[in-house]
Amino acid sequence: MTERRSQADGPKGSGVADRRMAEVRAAVATTTNGSTGTALNSIDIDVGGTFTDFVLTLDGERTIAKAPTTPYDLSVCFMNAIEEGAAEAGLTLEELLPRIDVVRYSTTVAMNRLIERRGPRVALITTEGHEDAILIGRGPSGPTAPGWPNGATWPPSTSPNRSCPGDSSSA
């Protein structure tokens, strides 16, 4: 398999970014069409805090590119990464996209916002009788979580009960 890298990747062996890309390459290398055993043509995009990584696997050839992340609208950096990768592969979007079997998208931005509790307020809207879905999904209640080391506790909910219409504790 051949590999092309964009200039934004920096030199090979440049540290953390190369290790992360090696992980992405390893994950993508195992992707095949289960019925034929042939490699799928795929686009893999990971939106990070600073850069959006793009990995294209097309007809057994791999192209890697980066684009700056646009925190104000993640769809912008998503499309910028695809455009950068297509150009790196010598194709237009119109030539590339019809040949793609699967697109995988991941982001650390959303997870970081949840962990850091910096995102917008959220609410759960359910049908009557399912107001406890978020609480049930969080698992057992109590001061500590069973099996967690050192008496670790559950973090506070990102959607307090008062944001769950129909919940008896919202009154």
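Every read-out reported here was derived from the displayed coordinates using simple, explicitly stated rules and does not represent laboratory data. These numbers were taken from a predicted model, which means no experiment stands behind them. Neighbour counts are summed over all protein chains in view; Cβ atoms, including those assigned to glycine, are modelled from backbone coordinates with ideal geometry.
With neighbours defined as other Cβ atoms within 10 Å of a residue's Cβ, the residues Glu61, Glu128, Glu95, Glu84 order from fewest to most as Glu128, Glu95, Glu61, Glu84. Ranking of Ser42, Ser106, Ser75 by neighbouring Cβ atoms within 10 Å, starting from the fewest: Ser75, Ser106, Ser42.
Fewest neighbouring Cβ atoms within 10 Å first, the residues Met79, Met111 line up as Met111, Met79. Residues whose amide H lies under 5 Å from that of Arg104, counting only those 5 or more places away or on a different chain, are Ile43, Asp44, Ile45; hydrogens are built 1.01 Å from N in the peptide plane.
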